[in-house]
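A.B. asks: To start, I am sharing the structure in question, which I have written as structure tokens.
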Amino acid sequence: MWYKSAMDISPLIKRVARGKHGSENLSRDEARLVFEQLLSPDADELQLGAFLIAQRMKGETSGELAGFVEAARATIAGYGKVDVLKGAVDLPCYAGKRRAGHAYLAAALKARDAGIPVFVHGVDQIEGRVTAWQVLQRAGINRAGNLVEAAQLIQRDGIVYADLSDLSPDLFRIYSLRSRLGVRSFVNTVTRLLNPMGCEGQLNGFFHTPYADYMAEANGLLGQLRALIFMGAEGEPELYADRQKVIVKQQGKLVTRLTFPASGLDYYPRLPMDVQTLTEQSVSMLNDVLSDRECAVVQRMDEAFSWAATGVMPADWREEEMKHE
């Protein structure tokens, strides 16, 4: 059993929950210790809820995120003990879609066909949205129940899906509190940084701009080899090809911003689609039924997968130093 012996974490929660002008950030070790306790099935529910909301109000730092991820990884059976294929890419999918099909999954299959192993993880259902798994299962992609099985399937098939509910039931339990809390918590970011198989490369989408820097810096602290962290379509790891969005490149502890030329094609759709229609459209994309905009997205995602696997920068991508205030 991974659980640490119980400790009194109320003083640490108190520091975070002192309000707008009194709250304090935790160190990486303190964040890890608090979250270790809260991940236990026997955790005090009042403390758990208080900490999630207090962190939501304060905002997490990159050091805190790194500590939270370390605690979450300790709940995954087999973490750090499976062989990872060279050049494997981690693809965390925790947002779902409701306005357009999953073009990034079409690119994931192309990456697989090009010899790039892809590890997809997420949650199988999100109310009102179509998830990565709901598309991938229609395409015959296998779902692993644990990391050992995932390592076997990715070796055989080149791509595999694993669900958070199977990888870490304890983290999934806290992740699933969103409907009761009414807001997202830092756990949504932790799942994106989790990288359960320890893949060399990572493609990570986010929705809110400030998270680009926090996530990149946390990845550096966690020893992630390389990652692209970008504002993704509806929060999924899908680049926009129609207009420039925030893209951060993380290699070790070096963090820079990237740009590439816009495609000049139509903007990403703004209106929700019928769930069944969206599912069918996404499955069709996996069979190369793509609009011009979607083709441009898949091309950019192809380049992103290639960089994540090899570290070789695409020809027309440009790099610029991060500006710090």
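The values are calculated or read from the model by the stated rules, or taken from the named source; none is laboratory data. This is a predicted model, so every value here is computed, not measured. Methodologically, a virtual Cβ is constructed for each residue, glycine included, from the backbone with ideal geometry; neighbour enumeration extends over all protein chains shown.
A.B. asks: Quick check, is VAL248 in the same structural domain as GLY96 (by TED's automatic domain parsing), within 24 Å of GLN137 (Cα to Cα) and of a type outside the set (Asp, Glu)?
C.D. replies: no
A.B. asks: Name the residue that is farthest from the chain's Cα centre (by Cα), counting only residues in segment 235-256 that are of a type in the set (D, E, K, R) and at pLDDT 95 or above.
C.D. replies: LYS249
A.B. asks: Looking only at residues that are of a type in the set (Gly, Ala, Ser) and within 19 Å of LEU153 (Cα to Cα) in segment 67-105, which one is surrounded by the most Cβ atoms within 10 Å (Cβ to Cβ)? Before the answer, list the steps.
C.D. replies: At the first step, the residues of segment 67-105 found to be of a type in the set (Gly, Ala, Ser) are 67, 71-72, 74, 77-78, 80, 87-88, 95-96, 100-101, 103.
From what is left, the residues that are within 19 Å of LEU153 (Cα to Cα) are 77-78, 80, 87-88.
Numbers: ALA77: 13, GLY78: 15, GLY80: 12, GLY87: 18, ALA88: 22.
The extreme case among them is ALA88.
A.B. asks: Condition check: surrounded by 14 or more Cβ atoms within 10 Å (Cβ to Cβ), at pLDDT 95 or above and aromatic (Phe, Trp, Tyr). Does PHE260 satisfy that?
C.D. replies: Spelling it out, it is not the case that PHE260 is surrounded by 14 or more Cβ atoms within 10 Å (Cβ to Cβ), at pLDDT 95 or above and aromatic (Phe, Trp, Tyr).
A.B. asks: I'd like to verify a number: residues in segment 40-66 that are outside any helix (DSSP H, G or I), in contact (Cβ under 8 Å) with a residue 60 or more places away in the chain, of a type outside the set (Val, Ile, Thr) and crowded, with 16+ Cβ neighbours inside 10 Å, how many?
C.D. replies: 2
A.B. asks: A follow-up question, please. State yes or no: is VAL130 out of contact with any strand residue (DSSP E or B) (no Cβ under 9 Å at 6 or more places or on another chain), modelled with pLDDT of 95 or more, under 22 Å from PRO169 (Cα atoms) and among the hydrophobic types (A, V, I, L, M, F, W, C)?
C.D. replies: no
A.B. asks: Of the residues LYS249, LYS245, which single one is surrounded by 13 or more Cβ atoms within 10 Å (Cβ to Cβ) and in contact (Cβ under 8 Å) with a residue 60 or more places away in the chain?
C.D. replies: Numbers: LYS245 fails: in contact (Cβ under 8 Å) with a residue 60 or more places away in the chain.
On inspection, the qualifying residue turns out to be LYS249.
A.B. asks: Among what's in segment 264-284 and is aliphatic (A, V, I, L, M) and over 14 Å from VAL130 (Cα atoms), pick the residue that is surrounded by the fewest Cβ atoms within 10 Å (Cβ to Cβ).
C.D. replies: LEU271
A.B. asks: Something else about it: What residue, among those in segment 196-210 that are closer than 23 Å to PHE35 by Cα and buried (at least 24 other Cβ atoms within 10 Å of the Cβ), is farthest from the chain's Cα centre (by Cα)?
C.D. replies: Across segment 196-210, the extreme among qualifying residues is MET197.
A.B. asks: Continuing with this model, one more query. Which condition from (1) assigned to a helix (DSSP H, G or I); (2) aliphatic (A, V, I, L, M); (3) under 30 Å from GLU64 (Cβ atoms) is the one that ALA227 breaks?
C.D. replies: ALA227 satisfies every listed condition except (1).
A.B. asks: Which one is farthest from PRO237 (Cα to Cα), of the residues in segment 136-147 that are in a helix (DSSP H, G or I) and in contact with a strand residue (DSSP E or B) (Cβ under 9 Å, 6 or more places away or on another chain)?
C.D. replies: Taking segment 136-147 as the starting set, the residues that turn out to be in a helix (DSSP H, G or I) are 136-139, 147.
Going one step further and asking which of them are in contact with a strand residue (DSSP E or B) (Cβ under 9 Å, 6 or more places away or on another chain), we end up with 136-137, 147.
Numbers: LEU136: 15, GLN137: 18, LEU147: 22 Å.
Here the residue is LEU147.
A.B. asks: Follow-up question, since we're still on this one. If you take the residues of segment 133-164 that are in contact with a helix residue (DSSP H, G or I) (Cβ under 8 Å, 6 or more places away or on another chain), surrounded by fewer than 17 Cβ atoms within 10 Å (Cβ to Cβ) and of a type in the set (Gly, Ala, Ser), which of them is modelled with the lowest pLDDT?
C.D. replies: ALA139
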